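The values are calculated or read from the model by the stated rules, or taken from the named source; none is laboratory data. The structure presented is a predicted model; accordingly, all values stated were derived computationally and were not measured. Cβ atoms come from the backbone with ideal geometry, glycine included; neighbour counts cover every protein chain shown. For accessibility, only protein heavy atoms count, side chains too; no ligands or nucleic acids. Shrake-Rupley method; radii C 1.70, N 1.55, O 1.52, S 1.80 Å.
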Amino acid sequence: MRWFLLALGLLAVPGLAQTPPPPTNQVEKQDPLKLGVQLYALGRYEAALELFERALKEKPQDPDVLYWLARAQLKVGLLNPALENAKGLVARNPRYIGGYMVLSEAYVALYRASEDREKGKGFLDQALTVLRDAERVNPRYAPLYAQRGLVYAFLGQADKAEEAFKRALSLQDSAEVRAALAELYLAAGRLDEALEQYGKAVQLSPQDGNLRVRYASALMVKGRAEEAVRVLEGGHRLKPLDAEGWYTLGQAYFALGRHKEAGVALENAIALAPLRFPAAYYYLGQVYLALGDAQKAKSRLTVAVRLEPKRAEYRYQLCLANEKLGDKEGARYQCKEALKLKPGYREAEEVLKRL
């Protein structure tokens with residue numbers, strides 16, 4: 001299960017194994033292929049797909065068109081059409097490296113869609129076969145080794161995944177591949193090595209806010225909250241409306257005892273994404289208790305409990321807020337509920353004794 005989650009995370013790394021779009025000077029301004037690639041880069045996959053379909057009618061023999069058509073089909077869930085287009089692309093253009101890449105991605109997508117993951121591993125074997133064919137076409141094409149690392153990650157073969165990612169990096173240094181290698185190390189409990197790779201990835205791509213969040217989260221695991229704050233503060237100057245960035249920064253401030261700053265960051269997080277981070281309300285409750293505002297603490301902790309009613313620690317903190325406000329009945333109720341969820345919860349038992 002850990003490897004499955006890791007591989008999903010690696011798939012989310014942008015550009016991990018993608019052929020770059022055609023240079024803009026090779027297409028006319030209104031070329032549907034160029035416009036489609038631009039929309040694809042913006043995440044507007046359905047609109048891009050329509051343009052790629054139009055481009056295919058105009059240039060049915062252009063491998064770039066079929067490549068991008070298959071990629072867009074994968075993004076909108078048209079897996080079988082994407083697979084067939086990718087197979088046709090490879091068959092008609094055996095020297096076109098992008099065909100092998102998108103074909104391997106189609107097999108990975110079919111694996112991810114499989115109800116029976118063990119049987120679905122056959123798709124991963126096919127992906128590896130395609131990548132071996134790609135290596136014969138261009139043995140120095142870095143993205144194919146990055147893609148191979150991803151496939152091995154799905155298969156749970158950590159050593160081979162690491163070897164493939166390192167091979168990709170030896171050919172072309174990349175923030176995306178370094179981040180993927182960092183995730184691999186995290187899954188294996190190799191935290192120091194993960195941090196090293198994250199740090200290099202951020203140096204290569206300092207404007208990537210998501211990368212900064214992942215790096216800062218790993219720093220927090222290591223107990224290096226001050227460094228996490230520096231990483232995230234730099235990110236917010238680049239991407240001020242990133243809810244996850246604010247949430248992670250709030251956690252880092254909280255760990256450092258910088259409660260006022262933690263409160264601002266966490267409030268920003270829930271303003272941008274009210275339901276995405278239930279724990280943000282939990283941390284805010286503790287922040288306001290530390291700042292002496294029990295009413296605000298109760299308000300935020302009440303939301304935390306509503307969003308995740310089976311979290312004993314949430315109910316315990318709400319118990320404390322109720323106690324501060326003189327609501328003994330409410331405090332007893334929440335601490336009793338906390339004990340039901342976590343028998344032997346010593347802190348809750350102590351509150352009940354003094355109530």
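For the chain, the longest principal axis of the C-alpha atoms and the axis of helix 175-187 are separated by about 50°. When only the Cβ of Lys, Arg, Asp and Glu is charged (+1, +1, -1, -1), the dipole of the chain relative to its Cα centre reaches about 620 debye.
Taking all protein chains together, PHE52, PHE123 sort by accessible area into PHE123, PHE52, largest first [probe 1.4 Å].
A simple rule links phi to the HN-Hα coupling: the Karplus curve 6.51 cos²θ - 1.76 cosθ + 1.60 with θ = phi - 60°, which for the stretch 327-333 gives 8, 5, 5, x, 5, 4, 4 Hz, with x for Gly and Pro. Distance between the pseudo-spin-label points of ALA188 and LYS222 (7 Å out from Cα toward the beta carbon): 1.7 nm. The 3J(HN,Hα) values that the Karplus relation (6.51, -1.76, 1.60; θ = phi - 60°) gives for the stretch 288-297 are, in residue order, 5, 5, 5, 8, x, 10, 5, 5, 5, 4 Hz. Gly and Pro appear as x.
Note on the chain: with neighbouring protein chains present and a 1.4 Å probe, carbon and sulfur make up 49 percent of its accessible heavy-atom surface. Ordered from largest to smallest accessible area (heavy atoms of protein chains, 1.4 Å probe), the residues GLU313, GLU349 come out as GLU349, GLU313.
Accessible area ranking (1.4 Å probe, heavy atoms, ligands and nucleic acids excluded), largest first, for TRP68, TRP246: TRP246, TRP68.
Sorting the segments 330-336, 273-279 by their mean number of nearby beta carbons within 10 angstrom, highest to lowest, gives 330-336, 273-279. Once the C-beta distance of ARG54 and ASN80 is scaled by a Förster radius of 22 Å, the resulting FRET efficiency is 0.55 to the nearest 0.05. Among VAL37, VAL231, VAL221, the residue with the largest mean-square fluctuation in a Gaussian network model of the chain, with springs joining Cα atoms closer than 10 Å, is VAL221. Near the amide H of ALA273, within less than 5 Å, lie no amide hydrogens of residues on another chain or at least 5 residues away, with H placed in the peptide plane.
In the context of the full set of protein chains, the chain has a per residue accessible area of 49 Å² (1.4 Å probe). Among the lysines, which fall within straight-line cross-link reach of LYS328, defined as a Cα-Cα distance under 27 Å, with same-chain neighbours fewer than 8 residues apart omitted? Once the sequence-local lysines are set aside, what remains near LYS328 is LYS296, LYS298, LYS310, LYS336, LYS340, LYS342, LYS353.
For the stretch 92-193, GluC sites (Glu not before Pro) are listed when DSSP marks them as loop and at most 15 other Cβ atoms sit within 10 Å of their Cβ; the list is GLU115. Calculated mean residue ellipticity, 222 nm, the chain: -24500 deg cm²/dmol, from DSSP H runs (n ≥ 4) at -39500 (n - 2.57) each, averaged per residue and rounded to 500. Enter the Cα centre distance for the pair the stretch 51-70 and the stretch 250-318, rounded to the nearest angstrom. The stretch 51-70 and the stretch 250-318 have Cα centres separated by 50 Å.
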